[in-house]
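Before any comments, here is the structure.
Please treat every number below as a calculation from the coordinates, not as lab data. Everything quoted here is computed from the prediction, not taken from an experiment. Heads up, the Cβs are rebuilt from the backbone with ideal geometry, glycines too, and the neighbour counts pull from every protein chain shown.
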Amino acid sequence: MKKVLTMLALGTILLSSTLQADEVTTSPLKPEGFYLGLGGGVTFNLTLLTQGYYQDDTTTYKSGDLSDADIGYIVYAGYQFNKIIAVEAAYTDYGSFSDTVQKAYTPGNVTFESDPSSVSVYANAGYTFSNGLRPFGQIGLGYLMVNGSRATDAIGIDDSMSMRFGLGVEYALENLSGFGFRAAYIEELAMDFSYNADDNGNDTSTLLMNIDGMLYLGAQYKF
């Protein structure tokens, strides 16, 4: 009887070790740990004035939007607590943008320029599958630095807090523990509301929406 119990105990230990080894082999994406990443991709800027004209102290411009595209990069770091939740911080350089707007009442155009970048902190929530794939979403806060030209500053596009959103997917390499890739889209939204009225009391309030986004590919390492 004692020999039987000994054999059963040895068998249980061997089976447990085999299952643990198999779990490690089939789970290339580490569920926990600190990670660093670097990415680059296509960026865009879109500024919308939802009502009224663009206006500074001396000039009024035709209403519409400012838009341009460029190339930028992102440096990010975070800590993943389990298969679902991570907290991440990033520095994002969106590149350089410019767009020309026609004056409303006098001949001529004015070019608005900016070199926006941001620092942000946000939650990263997704699910880690055993094959190394992890789709995720991001939401949090950032501080958007416009670095605009004099014309850009004059119409009220300033440094401000922003809402940060993102969607993406990660893939961990099975044979290189800790290394992985990411494809993602991020967007930062900053808004400024200004209430005004003309001489007749008509509402001329404006909502200035400044959006910077990036579609990027990145590589990362989890320690």
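Between Phe223 and Asp158, the modelled label-to-label distance comes to 3.9 nm, taking each label 7 Å out from Cα in the direction of the beta carbon. Its convex hull of Cα atoms gives the range 106-181 a direction-averaged projected area, equal to a quarter of the hull surface, of 7.6 nm². Panel order for Ile186, Ile211, by other beta carbons found within 10 Å of each beta carbon, from fewest to most: Ile211, Ile186. Here is the P(r) of the range 76-138: all C-alpha pair distances, binned every 5 Å from 0, give 4, 14, 15, 13, 10, 9, 8, 8, 7, 6, 4, 2, 1 in whole percents. Starting from the Cα of Asp65, move 7 Å in the Cα-to-Cβ direction to define the label point; list residues of the range 160-193 whose amide nitrogen is under 19 Å from there. Taking a point 7 Å out along Cα→Cβ of Asp65, the residues of the range 160-193 whose backbone N falls under 19 Å are 163-166, 185-193.
Each 10 Å bin, from zero up to the one with the longest distance, holds this percent of the alpha carbon pairs of the range 39-193: 10, 34, 27, 16, 9, 3, 0.
About its Cα centre, the dipole of the range 71-159 is roughly 360 debye, where the only charges are +1 on Lys and Arg Cβ and -1 on Asp and Glu Cβ.
Net charge of the neighbourhood of Gly213, taken over other residues with C-beta under 9 Å away and scored Lys/Arg +1, Asp/Glu -1, is -3.
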